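To start, the structure itself, in structure tokens.
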Amino acid sequence: MEYNVAIVGATGLVGQEFIKILAQRNFPMKSIRLLASDRSAGRKLWVNQQEIEVGETTPDSFEGIDIALFSAGSEISRHYAPLAAKSGAVVIDNSAAWRMEPSVPLVVPEVNPEDIEWHSGIIANPNCSTIQMVVALYPLHKVNPIKRIVVSTYQSVSGTGVAAIEELNVQSKQVLEGQNTIPHVYPHQIAFNVLPEIDVFLDDGYTREEWKMEEETKKIMHAGEIAMSATCVRVPVLIGHSEAVWAEFSSPMMPDDVERVFAGAPGVKILDDNAISLYPHAWMAAGTDEVFVGRIRRDTSHPNGLVMWVVADNLRKGAALNAVQIAEEMVKRDWLKPSEVAK
Ligand code: A2P
């Protein structure tokens, strides 16, 4: 069976990854419709060695579409995802708009693929930082339930979008040339700097990104009892999010146990040899599909604690790849019925 696919936000960073990953993984596509804002209408993008014209996203854009992959921000998703679902498409939405809706499954295929089944037209793709953390923690949680997580993230600018990449590039050049910088995308200069602010601040002093990590982790892992505290930090890295994760288990978790558990776990790969400085880092993770884990060691501050360093490509596993894997899972389990409307 083949499917009619639409991409909303096709000109964006994640949209471009959707196009690449669908081709790389030979997703069974009958047709592809590229959608963005009116600014991009008429622009042509390459899909599988074929030039395809981008259309403006309108309420009629989803007629005959089986799967609509959205990555154009929360506002667009809030408006168009219900319209797409109403016209018969299954929406896989990369924005934060629907993630915490009780009627919308929030899915990481390595963790909770069975949640896909109860969707009613919209499936949410989690936050990039959450995805890579749960891919690493869930297999451990299954054998030794986690009680508490403390995480510090080091998130690349591509998570913000095209304009942020441009801002880092321009500012880096300006700093090296001794010029002043003027921040537009972030509240302060991001080049040669580190900013502990991602998304808006909430009343309790955390940011919405930190809140998202906590709430999304509990929803995906079906583990509302886990205590969690996150600090999310933007760093001047183009692609690849890194995380220092402290997890407290129900009983001691040894680094050797982690190796054994990860050997049978999907999507996660250990890179850990201090003698040769082998550990994952953002530069090597960019363009790859795995969640990499290194610096695995016991937490000296708690008998049941474990510390590790988790890195992944935020545009791929943290966004587009996870969404395509959700679509693949639906195809595999025969939960996706192609539209009758031929394209
Ligand atoms: P456009 O290029 O036409 O502005 P990124 O986050 O990487 O910057 O990408 C954002 C994506 O969201 C782009 O594809 C952008 O399209 C798309 N987008 C922005 N505004 C709209 C809109 N009003 N309708 C549909 N897509 C939109």
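The values are calculated or read from the model by the stated rules, or taken from the named source; none is laboratory data. What you see is a predicted model; the values in this text were computed from it and never measured. Glycine gets a Cβ as well: all are built from the backbone with ideal geometry, and neighbour counts include every protein chain shown. Heads up: the accessible areas ignore ligands, DNA and RNA and are worked out on the full protein's heavy atoms, side chains in. Shrake-Rupley method; radii C 1.70, N 1.55, O 1.52, S 1.80 Å.
Worth a mention:
- Taking segment 55-75 as the range and being touching a residue at least 40 places away in the same chain (Cβ under 8 Å) and part of a loop (DSSP other than H, G, I, E, B) as the test, the residues that pass are Thr57, Ser61, Phe62, Glu63, Gly64, Ile65, Asp66, Ser71, Ala72, Gly73.
- Test: Pro28 is at pLDDT 95 or above, of a type outside the set (A, V, I, L, M, F, W, C), under 17 Å from Leu336 (Cβ atoms) and more than 8 Å from the ligand (Cβ to nearest atom): yes
- Qualifying residue in segment 194-203 (condition: crowded, with 16+ Cβ neighbours inside 10 Å and more than 24 Å from Ala320 (Cβ to Cβ)): yes
Table: residues versus (1) under 30 Å from Arg208 (Cβ atoms); (2) part of a helix (DSSP H, G or I); (3) open to solvent by less than 50 Å² (accessible area, probe 1.4 Å).
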{"position": "Gln16", "(1), (2), (3)": "yes, yes, no"}
{"position": "Ile19", "(1), (2), (3)": "yes, yes, yes"}
{"position": "Ala23", "(1), (2), (3)": "no, yes, yes"}
{"position": "Leu34", "(1), (2), (3)": "yes, no, yes"}
{"position": "Glu53", "(1), (2), (3)": "no, no, no"}
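- Qualifying positions in segment 76-97 - open to solvent by less than 50 Å² (accessible area, probe 1.4 Å), touching a strand residue (DSSP E or B) at 6+ places or on another chain (Cβ under 7 Å) and not in a strand (DSSP E or B): Ser77, Tyr80, Ala81, Ala84, Ala85, Ala89, Asn94, Ser95
- The numbered conditions (1) out of contact with any Ser or Thr (no Cβ under 6 Å at 6 or more places or on another chain); (2) within 16 Å of the ligand (Cβ to nearest atom) are all true for Ala97 except (1).
- Here is the figure for segment 258-288: residues that are of a type outside the set (Val, Ile, Thr), within 22 Å of Pro236 (Cβ to Cβ) and open to solvent by less than 50 Å² (accessible area, probe 1.4 Å) total 4.
- Taken over segment 148-162, the criterion of being surrounded by fewer than 24 Cβ atoms within 10 Å (Cβ to Cβ), of a type in the set (A, V, I, L, M, F, W, C) and within 16 Å of the ligand (Cβ to nearest atom) is satisfied by Val162 alone.
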